[in-house]
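Trainee: The structure under discussion is supplied below as structure tokens; questions concerning it will follow.
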Amino acid sequence: MDEADRIGACIESLSFCDEVIVVDSHSSDATREVAASLGARVIERDWEGFTKQKQFAVEAATHDWVLCLDADERVSPELEAELRARKQSGFTGPGYTMPRLTRWEGVWIRRGTWYPDRQLRLFDRRRGSWQGGAVHEKVVLDGPAAELSGDLLHESYRSLDEHLGTIGKYTKLGAENLGAKGRRASFTDLWLRPLVRFVRFYFLGRGFLLGWRGLSLALLGAHYVHLKYLRRMIDQQDEARRDG
């Protein structure tokens, strides 16, 4: 993927790491060149999905403790200090989670369901691995993860158009995942699930305190859920016609 404009900040935030590996899926911009110029080991590889791509990077590392970031993420100074201290004293257990703080339309979103959005990104690869389907990949450990307090910063979408494009891509993958699991969508899924998503973000998560951004994110979240189940319902009809 093309990440020349963001990969540099990501790699620079990892200056305390013993090595940095970038797995590139034939980007068409200067992503590989930027990464290599900052000392990263760049591996070009065909895209096989989020889970396989991330697990490949883990297995390519030369150390057992790995920290996994996407190109639009970076380690905050507070998290870096915490990771340096942990590295000095020695990591314990199978892994650590960290809160992720996302910026959307120029503002760090600390309300709704977007924060603390804990992510398991630091782990012992001998005791965990990336698992999952086409979307919603996650690290699975052989024991409980400890918690870090420093934020993992997420620069999110470059524009509203990119956000809407991502919703379209991920809802398609999400619907396919539902189908692969034999999950059927119902009329109730089309209206109740989006409503629950909206209420959780806007009211329970006090997203209304974010003004127009909070309302917009609540509506976009509801739209995401509705579109995923709508796609699944349409797929069901197509499957029925083929079987009939």
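The values are calculated or read from the model by the stated rules, or taken from the named source; none is laboratory data. Note that the structure is a prediction, hence the values are computed from the model and not measured. Neighbour counts are summed over all protein chains in view; Cβ atoms, including those assigned to glycine, are modelled from backbone coordinates with ideal geometry.
Trainee: Among the listed residues Gln88, Gln55, identify the single one that is loosely packed, with under 14 Cβ neighbours inside 10 Å, in a helix (DSSP H, G or I) and either out of contact with any Lys or Arg (no Cβ under 9 Å at 6 or more places or on another chain) or at pLDDT 95 or above (or both). Spell out the reasoning first.
Mentor: Numbers: Gln55 fails: loosely packed, with under 14 Cβ neighbours inside 10 Å.
Checking each option against the conditions leaves just Gln88.
Trainee: Right, something else. State all residues of segment 121-161 that are among the β-branched types (Val, Ile, Thr) and either in a loop (DSSP other than H, G, I, E, B) or more than 12 Å from the chain's Cα centre (by Cα) (or both); if no residue qualifies, say none. Full working, then the answer.
Mentor: Taking segment 121-161 as the starting set, the residues that turn out to be among the β-branched types (Val, Ile, Thr) are 135, 139-140.
Passing the criteria: Val135, Val140.
Trainee: In segment 181-195, what residues are without any contact (Cβ under 8 Å) to a residue 12 or more places away in the chain, not aromatic (Phe, Trp, Tyr) and not in a loop (DSSP other than H, G, I, E, B)?
Mentor: Scanning segment 181-195 gives Thr188, Leu192.
Trainee: Taking the condition more than 25 Å from Trp108 (Cβ to Cβ), loosely packed, with under 14 Cβ neighbours inside 10 Å, out of contact with any strand residue (DSSP E or B) (no Cβ under 7 Å at 6 or more places or on another chain) and not assigned by TED's automatic domain parsing to the domain that holds Ile109, does Arg183 pass?
Mentor: On the way: more than 25 Å from Trp108 (Cβ to Cβ): yes; loosely packed, with under 14 Cβ neighbours inside 10 Å: yes; out of contact with any strand residue (DSSP E or B) (no Cβ under 7 Å at 6 or more places or on another chain): yes; not assigned by TED's automatic domain parsing to the domain that holds Ile109: yes.
Considered against the rule, which asks whether it is more than 25 Å from Trp108 (Cβ to Cβ), loosely packed, with under 14 Cβ neighbours inside 10 Å, out of contact with any strand residue (DSSP E or B) (no Cβ under 7 Å at 6 or more places or on another chain) and not assigned by TED's automatic domain parsing to the domain that holds Ile109, Arg183 comes out as yes.
Trainee: I'd like to know if segment 120-129 contains one or more residues that are over 17 Å from Phe50 (Cα atoms), assigned by TED's automatic domain parsing to the domain that holds Leu14, in contact (Cβ under 8 Å) with a residue 60 or more places away in the chain and not basic (Lys, Arg).
Mentor: Looking for residues that are over 17 Å from Phe50 (Cα atoms), assigned by TED's automatic domain parsing to the domain that holds Leu14, in contact (Cβ under 8 Å) with a residue 60 or more places away in the chain and not basic (Lys, Arg), one finds at least one in segment 120-129, hence yes.
Trainee: Hey, among the residues in segment 34-51 that are of a type outside the set (Val, Ile, Thr) and surrounded by 13 or more Cβ atoms within 10 Å (Cβ to Cβ), which one's nearest to the chain's Cα centre (by Cα)? If you could, list the steps in order and put the result at the bottom.
Mentor: Of segment 34-51, the ones of a type outside the set (Val, Ile, Thr) are 35-41, 44-50.
Subset that is surrounded by 13 or more Cβ atoms within 10 Å (Cβ to Cβ): 35-36, 38, 40-41, 45, 49-50.
Values: Ala35: 20, Ala36: 24, Leu38: 23, Ala40: 21, Arg41: 22, Arg45: 20, Gly49: 13, Phe50: 9 Å.
Of everything passing the filter in segment 34-51, Phe50 is nearest to the chain's Cα centre (by Cα).
Trainee: Does Leu215 qualify as being modelled with pLDDT of 95 or more, surrounded by 13 or more Cβ atoms within 10 Å (Cβ to Cβ), closer than 22 Å to Gly165 by Cβ and aliphatic (A, V, I, L, M)? Don't jump to the end; show me each part of the working.
Mentor: Details: modelled with pLDDT of 95 or more: yes; surrounded by 13 or more Cβ atoms within 10 Å (Cβ to Cβ): yes; closer than 22 Å to Gly165 by Cβ: yes; aliphatic (A, V, I, L, M): yes.
Judged against the criteria, Leu215 is a match.
Trainee: Give Leu69, Leu101 a once-over and let me know the one that is assigned to a strand (DSSP E or B), crowded, with 17+ Cβ neighbours inside 10 Å and at pLDDT 95 or above. Reasoning before the result, please.
Mentor: Values: Leu69 fails: assigned to a strand (DSSP E or B).
Just one listed residue meets the conditions, Leu101.
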